[in-house]
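Have a look at the structure below, then the notes.
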Amino acid sequence: MSRLFQPIDLGALRLSNRIIVAPMCQYSAVDGSATDWHMIHLGHLALSGAGLLVIEATAVSPEGRITPGDLGLYTDAHEEALARVVAAIRAHSPIRIAIQLSHAGRKGSSHVPWAGGAQIRSNEPSGWSTLAPSALPHAEGEEAPRALDAAGLAKVRDDFVAATRRAHRLGLDGIELHAAHGYLLHQFLSPLANRRDDAYGGGLAARMRFPLEVFEAVRAAWPADRPLWARVSATDWVPGGWDVDDTVAFGKALRARGGDAIHVSTGGVSPLQAIKPAPGFQVPFARRIKADVGLPTIAVGLISDARHAEEIVAAGDADAVALARGMLYDPRWPWHAAAQLGAQVAAPPQYWRSAPREHKDLYRDASFGQR
């Protein structure tokens, strides 16, 4: 039996297989609210046959957005708009749904990628003043962020908690806390972005303090029977930056605070990063973290071939794999992987007749039973 298509438990949540649709920013919200684009985008990914769909990085405050087009979960209007999308998915798919809660920190107030992605200065239309651990810009020539003071730190924690309560009211199955890719929580972790001289800066324990405080606050506000995990960057790819040893320490601290998994990515905190991407280039980090931390571990990063994904899980390098761009390119990737690996996958009955003759037993019904 294919290991990729065996169930996995994230805390008390059972996934039907080990394929995860990674959170992918769409930059298509209107004033933070989900639109028809999200209905179409998330709706078709919900029919993919993956075990889990993670909604894109969702800002916990206006200043926590990456771009003006980011999804938010900090007003009633946001909650209502996303509830419509979630209800449609629930009506037609058995997929589990999680959300990635995020704060962009100093990488906020940016143009959408297809408009160049450059910073929007705070005095320009659609721009705002960004926040960070220290008043250090992300890139040379950018406007410096404001360093968070005690009141600002408390507000960020409260914003994460408020968004968590909204996620609970939406009936979502899990929360992924975004502590990767150079966004606010990662900025606190990395010595490249955190130059504070108070209790939240300096040594490793101090740099981990605020992300762990946020995690604890979210864990306290989120039902104990629903999983909470973090996405991390295992390395900054910059000498003197955050590295895999630091990530192991952070992972152990998350586990001690009730973390149910860890999603391993890399990079994002510095434009000086020297990454040499190749298929599965981040898997060695996942392997190390899985071995040393002991949490269910999700690998991501140029995993696009079904047999490669199967090998990663079968070898114990990770417990699950997440796909982002590969899933956009092929929204039925899990169907094709199941056909390759001799497995079955959940599919809506409207599509059962689509199976090639040689894979006539490919599909299962919405309750994961044999059709």
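Close contacts from segment 31-46, counting a first residue that is on the phi > 0 side of the Ramachandran plot and modelled with pLDDT of 95 or more and a second that is among the acidic types (Asp, Glu) and surrounded by 15 or more Cβ atoms within 10 Å (Cβ to Cβ), with Cβ to Cβ under 9 Å and a gap of 6+ residues or different chains, come to Gly32/Asp70. Across segment 344-353, the qualifying residues are those that are out of contact with any Leu (no Cβ under 7 Å at 6 or more places or on another chain) and surrounded by 16 or more Cβ atoms within 10 Å (Cβ to Cβ), and the one among them that is nearest to Ala322 (Cα to Cα) is Ala346.
Just to be sure I understand, how many residues within segment 1-60 are assigned to a loop (DSSP other than H, G, I, E, B) and within 18 Å of Leu341 (Cβ to Cβ)? Of the residues in that region, 14 qualify. Only one entry in Val161, Val156 is surrounded by fewer than 21 Cβ atoms within 10 Å (Cβ to Cβ), of a type in the set (Val, Ile, Thr) and touching a helix residue (DSSP H, G or I) at 6+ places or on another chain (Cβ under 8 Å), namely Val161.
So that you can scan it fast, the table gives a plain yes or no per residue for (1) basic (Lys, Arg); (2) under 19 Å from Pro133 (Cα atoms); (3) part of a strand (DSSP E or B):
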site: Leu177; (1), (2), (3): no, yes, yes
site: Gly182; (1), (2), (3): no, yes, no
site: Leu192; (1), (2), (3): no, yes, no
site: Tyr200; (1), (2), (3): no, yes, no
site: Arg207; (1), (2), (3): yes, yes, no
site: Val214; (1), (2), (3): no, yes, no
site: His263; (1), (2), (3): no, no, yes
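On the basis of being touching a residue at least 12 places away in the same chain (Cβ under 8 Å), β-branched (Val, Ile, Thr) and in contact with a helix residue (DSSP H, G or I) (Cβ under 6 Å, 6 or more places away or on another chain), does Val112 make the cut? So Val112 does not fit the description; no. Applying the selection to segment 42-59, what residues are under 15 Å from the mean Cα position of the chain (by Cα) and closer than 18 Å to His78 by Cα? Within segment 42-59, Leu42, Val54, Ile55, Glu56, Ala57, Thr58, Ala59 qualify.
Residues being acidic (Asp, Glu) and part of a helix (DSSP H, G or I): count how many of those fall in segment 216-246.
3
Of everything in segment 247-261 that is of a type in the set (D, E, K, R) and in a loop (DSSP other than H, G, I, E, B), the residue that is nearest to the chain's Cα centre (by Cα) is Asp260. Residues that are in a strand (DSSP E or B) and in contact with a strand residue (DSSP E or B) (Cβ under 6 Å, 6 or more places away or on another chain) within segment 272-324 comprise Thr297, Ile298, Ala299, Val300, Ala320, Val321, Ala322, listed in sequence order.
Here His336 clears all of (1) over 24 Å from Ile55 (Cα atoms); (2) out of contact with any Ser or Thr (no Cβ under 9 Å at 6 or more places or on another chain); (3) not hydroxyl-bearing (Ser, Thr, Tyr) except the condition numbered (1).
The values are calculated or read from the model by the stated rules, or taken from the named source; none is laboratory data. Small disclaimer: the values here were computed from a predicted structure and weren't measured. Positions of Cβ are generated from backbone atoms using ideal geometry, with glycine treated the same way; all protein chains shown enter the neighbour counts.
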